[in-house]
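Here is the structure we will look at.
The values are calculated or read from the model by the stated rules, or taken from the named source; none is laboratory data. In this text, all values refer to a predicted model and were calculated from it rather than measured experimentally. All Cβ positions, glycine included, derive from the backbone under ideal geometry; neighbour counts span all protein chains shown.
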Amino acid sequence: MEIILKQDVQNLGYADDIVKVKDGYARNYLIPQGLAIIATTSNKKMLAETLKQRAFKAEKIRKEAEELAGKIEGLNLKIYTKASEKGTIFGSINTIAVANALKEQHNIEIDRKKVMLKENHIKELGNYTAQINLHKDFRVNVNLEILAE
């Protein structure tokens, strides 16, 4: 029997795959558990349309990420913070501060979860680099200059 998987099933396939299984396995386990549906002609057409729409959305998201990567690549951000005379920051600079600086200085809004610092927190004044993961294909670097107020 041909079925369309609704979820990933270990040792069988991934979601939206069309696979052949024995009738009993499909009728007694996969379909009642909600893991699969029977691959009728209409279900196959619906699957094809869904995959087509998903591909279109993914391409749109990829293009937006590419555009944003062009704007962000190589930007210089200056972040002012309170620090001691020795150059040690009171507190630390984290991904939230980098995302806020991007918004304030260049009007580019980025989710803080997409910002990666080599160190989890920056604790001293100086120059650093932050990586921003916009898409699985696009990662850009931003130069950070941490200065005392």
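Annotations for the structure displayed:
- Contacts under 9 angstrom Cβ, first residue in the stretch 73-97 being under 16 Å from T129 (Cα atoms) and in contact (Cβ under 8 Å) with a residue 24 or more places away in the chain, partner buried (at least 16 other Cβ atoms within 10 Å of the Cβ) and of a type in the set (S, T, N, Q), 6 or more apart: S92/T81; I93/T81
One line per residue, one yes/no per condition, for (1) under 17 Å from A69 (Cα atoms); (2) assigned to a helix (DSSP H, G or I); (3) in contact with a Lys or Arg (Cβ under 8 Å, 6 or more places away or on another chain):
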| position | (1), (2), (3) |
| --- | --- |
| A101 | yes, yes, yes |
| E104 | no, yes, no |
| I108 | yes, no, yes |
| K113 | yes, yes, no |
| E119 | no, no, no |
| N127 | no, no, no |
| I132 | yes, no, yes |
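- Filtered by the rule that a residue be surrounded by 15 or more Cβ atoms within 10 Å (Cβ to Cβ), more than 15 Å from N141 (Cα to Cα) and of a type outside the set (S, T, Y), the stretch 66-99 gives I79, A83, I89, I93, N94, A97.
- Residue match in the stretch 38-57 (condition: more than 20 Å from the chain's Cα centre (by Cα), buried (at least 16 other Cβ atoms within 10 Å of the Cβ), over 30 Å from L147 (Cβ atoms) and at pLDDT 90 or above): yes
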